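Asker: The following block contains the structure, expressed as structure tokens.
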Amino acid sequence: TPVMMRNFIRTYKEYEHKFSCIPNGFDKEDFADYQTLEKPEKNEKLTITYTGMLYGRRKPDLFLECLRELIDEHVISEGQITVKFIGKFLPGYFDRLNERYGLQNVIRVYDYMPHKECIKMLLQSDLLLLIEGAGPGGEAFYTGKLFEYMNAGRPIIAVIPGSGVAADLIKESRTGYVADSEDKNQILRMLTNIWQLWKNNKLEYKHDYEVINRFERRNLTCQLAALFNECTEVNHETDRR
């Protein structure tokens, strides 16, 4: 990521001219079978989907705590929201979360599934949940799923470091909503706002595909090829000297 590159440059200032940043991305072909799902009908329940692992600082606790609080305050209707988690999780992980937050009627857990099935689940959702905990270096990381989320054409609901590269990219690409992962009030406001938008059929996705397409892996590979060409030209010039 750009932050990682700047950190390396601070350490190796004399080699600044040798650094380039080519980030992770997504494969457009992965979505080719599901073009008819690009603009789905509104789900009967507000459907939020998370894919991937949960471990270490990446945990949904504060998000679920805020959701429980808004349900208890009758801001959000428990019978009209579903949060899906897809991936490999530790045995009993969600049993403990449900015991703590009482969200058995809201949370749905799915085991690891083939990639294309997972993409179909994303495209059938109203919102895509991104979670990343705060802590040393947290602002420097994208998560791999971010790029796939960006191309899925669904708004992202991100509980992540508010001043990090992932938050900056979501804002630049206009692909979703961001609340700092350590700021409970921000998360509460974001959930309340999204709920009201969904209820009033105003949950829109005004993405910037010019930004998103920069992260399509064919375009990233072109950057890598150009970098190799540049290095080769420099070497040839050095040999001629």
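The values are calculated or read from the model by the stated rules, or taken from the named source; none is laboratory data. Just so it is clear, the model here is predicted, and its values are computed rather than measured. Please note: Cβ atoms are built from the backbone with ideal geometry, for glycine as well, and neighbour counts cover all protein chains shown. Keep in mind that these areas ignore ligands, DNA and RNA; they rest on the heavy atoms of the full protein, side chains included. Shrake-Rupley method; radii C 1.70, N 1.55, O 1.52, S 1.80 Å.
Asker: Which condition from (1) touching a Leu at 6+ places or on another chain (Cβ under 7 Å); (2) open to solvent by less than 40 Å² (accessible area, probe 1.4 Å) is the one that Ala167 breaks?
Answerer: (1)
Asker: Another question, then. How many residues does the stretch 91-110 hold that are without any contact (Cβ under 8 Å) to a residue 24 or more places away in the chain and part of a loop (DSSP other than H, G, I, E, B)?
Answerer: Going through the stretch 91-110 one residue at a time, the tally reaches 3.
Asker: Can you find, within the stretch 27-48, the residue that is nearest to the chain's Cα centre (by Cα) among those that are at pLDDT below 95 and not in a helix (DSSP H, G or I)?
Answerer: Asp27
Asker: Let me ask you something else. Among what's in the stretch 106-137 and is under 20 Å from Asp183 (Cβ atoms) and within 14 Å of the chain's Cα centre (by Cα), pick the residue that is surrounded by the most Cβ atoms within 10 Å (Cβ to Cβ).
Answerer: Leu130
Asker: Among the listed residues Lys84, Lys59, which satisfies the condition of being touching a strand residue (DSSP E or B) at 6+ places or on another chain (Cβ under 8 Å), closer than 21 Å to Asp180 by Cβ and either open to solvent by 90 Å² or more (accessible area, probe 1.4 Å) or not β-branched (Val, Ile, Thr) (or both)?
Answerer: Of the residues listed, the single one that is touching a strand residue (DSSP E or B) at 6+ places or on another chain (Cβ under 8 Å), closer than 21 Å to Asp180 by Cβ and either open to solvent by 90 Å² or more (accessible area, probe 1.4 Å) or not β-branched (Val, Ile, Thr) (or both) is Lys59.
Asker: Can I ask one more? Just a yes or no: is a residue in the stretch 173-182 assigned to a helix (DSSP H, G or I) and surrounded by 15 or more Cβ atoms within 10 Å (Cβ to Cβ)?
Answerer: yes
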